[in-house]
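First up is the structure itself, then whatever we jot down about it.
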Amino acid sequence: MERGLYTMKKTISLLLALALLLPLGLAGAEGAKVEIVFWYSLGGAIGDAIIEMVDNFNASQDRIFVDAQYQGEYDDAISKLQAAGIGQLPCDIVQSYEIGSRFIIDSGWMVPMQEYIDRDGVDTSVIEPSLLAYYTVNGVIHAMPYNCSTPLLYYNKTAFEEAGIDAIPTTMDEIFEIAPLLTTYNDDGSIKRYGYMITNYGWFVEQWVGKMGKHYVNNGNGRDSFPTEVVFGENGAMLDIFNVWAKMAEDEHTTYAGRGAPTEARAAFVADTTAIFMASTANLAAVLANVDGAFEVGAAFMPKINAHDVGGVSTGGGCLWMVDSGNQEKMDAAWEFIMYSIAPDVQALWSMRTGYFPINMLAHETEMFQQNVEKFPQFQVALDQLHASGPEFVGSMMSVFPEVRQYVEDATEAVFLGTMTPEEAVDQLVSRANDAIEMYNMINY
């Protein structure tokens, strides 16, 4: 009974808050709806969840219509944003990945969320602090966290039990130790199931550097000012990571899933051809649905490179930006949609549909969220990892981050294939990254 009253009060409070945020005259003199364009970059089931959210908002009121337009994957979307920015951006809200943030801030094309937060007295204490911290620079909140995630270790709990493994690995060395116990073979001696499948994904490298408690670039990790060079070479972080990759290349119980997002590794895990893989928390809903009870799925914190690492993970995924169109009516409408998207009930549904974090902590108190966590406790593991990583491990910013991420994957692949030693790969990577940073800074600063 008390829970029902609490939920009712929260719902009433949300409706009152939205009413206070509603600017006068949004629908125009003749009652026509204000139409705003929302560029988003997630496909598949997650894209369907975005469309569901937009449709629900459009049906919830009769003053604003949100036109959601898919722009391709993150890299495609940032390229379109860069090209469109030469003229007037043909959209009002943009979803972008976290590594596009420094470029977008520097572009001057967006309205900092701080302006509307201050205007309306929005209580940001209900937003996950580690997520909000990433998009806060010099005390200014520039974007609204939206589809936020961190890497998780996914493991076949049934296979662990069958192999007599009780402890969940917390380091990469511990994965190497148990991989032989999890590897199974066909009658002809070929491997049927690998102990571990690794994906060459630059995001994982960024997270490992953070878990070491080290910086990726200088100038306060690119937050005090724009970075002028990478520091992962001089602080030893990248060499430690590449040494692990060299070890994996020699281990017959681990296998390589290629570059980019871990789509192949996830498919192998579902098919029981690998017992362990690493992927975003946003994969959780799909993994559970696709395994469909064939075996028990376990989730754990992202493993550390070194046992003594004391850092934490930082948000991946993306956020929402409000375009500075100069049209106050459209910007106010965009803000109302953004506020709707972070409401507790909306965030609870979003998390259940996708596996992304509910960025509004009040969502944890909704019946929908609690029932989902009770049914799938793996979601709680993702939250526990987030809360174990404070805002001090917020992650780096760099205008050429998408390019540097590709350079990282080039160097990682060279180490795995044996065409470069870890030391050679670090030297080449530092040189390429610094050249890209220097060229960008010469043109833009």
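Below is a table of values for the structure above.
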{"quantity": "Scope the stretch 222-239; condition farther than 29 Å from residue 140 by Cα and buried (at least 20 other Cβ atoms within 10 Å of the Cβ); matching residues", "calculated": "237, 238"}
{"quantity": "Boolean, residue 119 is out of contact with any strand residue (DSSP E or B) (no Cβ under 8 Å at 6 or more places or on another chain) and either more than 30 Å from residue 442 (Cα to Cα) or assigned by TED's automatic domain parsing to the domain that holds residue 440 (or both)", "calculated": "yes"}
{"quantity": "Any hit, the stretch 374-384, residues being at positive phi, at pLDDT below 95 and not hydrophobic (A, V, I, L, M, F, W, C)", "calculated": "no"}
{"quantity": "Extreme residue, surrounded by the most Cβ atoms within 10 Å (Cβ to Cβ), among residues of the stretch 58-99 that are in a helix (DSSP H, G or I) and touching a Cys at 6+ places or on another chain (Cβ under 9 Å)", "calculated": "98"}
{"quantity": "Restricting the stretch 200-220 to residues that are touching a Lys or Arg at 6+ places or on another chain (Cβ under 9 Å) and assigned to a helix (DSSP H, G or I), the residue that is surrounded by the most Cβ atoms within 10 Å (Cβ to Cβ)", "calculated": "208"}
{"quantity": "Conditions (1) more than 22 Å from residue 261 (Cα to Cα); (2) outside any loop (DSSP other than H, G, I, E, B); (3) of a type in the set (A, V, I, L, M, F, W, C); (4) in contact with a strand residue (DSSP E or B) (Cβ under 8 Å, 6 or more places away or on another chain); number of the one not met by residue 197", "calculated": "(1)"}
{"quantity": "The lone exception for residue 134 - which of (1) closer than 16 Å to residue 317 by Cα; (2) aromatic (Phe, Trp, Tyr); (3) surrounded by fewer than 21 Cβ atoms within 10 Å (Cβ to Cβ) it fails", "calculated": "(3)"}
{"quantity": "Search result, residues across the stretch 100-121 that are surrounded by fewer than 19 Cβ atoms within 10 Å (Cβ to Cβ) and hydroxyl-bearing (Ser, Thr, Tyr)", "calculated": "107"}
{"quantity": "The stretch 34-57: number of residues that are part of a helix (DSSP H, G or I), surrounded by fewer than 16 Cβ atoms within 10 Å (Cβ to Cβ) and in contact with a Phe, Trp or Tyr (Cβ under 7 Å, 6 or more places away or on another chain)", "calculated": "1"}
{"quantity": "Top-ranked residue of the stretch 341-396 - restricted to ones that are in a helix (DSSP H, G or I) and among the aromatic types (Phe, Trp, Tyr), ranked as farthest from residue 44 (Cα to Cα)", "calculated": "393"}
{"quantity": "Residues of the stretch 108-166 satisfying the condition of being touching a Lys or Arg at 6+ places or on another chain (Cβ under 9 Å) and in a helix (DSSP H, G or I)", "calculated": "159"}
{"quantity": "All positions within the stretch 314-326 that are part of a loop (DSSP other than H, G, I, E, B), in contact (Cβ under 8 Å) with a residue 60 or more places away in the chain and farther than 18 Å from residue 46 by Cα", "calculated": "314, 324, 325"}
{"quantity": "Considering residues of the stretch 397-445 that are assigned to a helix (DSSP H, G or I) and of a type in the set (Val, Ile, Thr) only, the residue nearest to residue 222 (Cα to Cα)", "calculated": "437"}
{"quantity": "Qualifying residues in the stretch 374-409 (those that are over 24 Å from residue 296 (Cβ atoms) and of a type in the set (Gly, Ala, Ser)) - the one farthest from the chain's Cα centre (by Cα)", "calculated": "399"}
{"quantity": "Any hit, the stretch 348-371, residues being β-branched (Val, Ile, Thr), within 28 Å of residue 293 (Cα to Cα), modelled with pLDDT of 95 or more and within 20 Å of the chain's Cα centre (by Cα)", "calculated": "no"}
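The values are calculated or read from the model by the stated rules, or taken from the named source; none is laboratory data. Everything numeric in this text was worked out from a predicted model, so none of it was measured. Note that we place each Cβ from the backbone using ideal geometry, even for glycine, and neighbour counts take in every protein chain shown.
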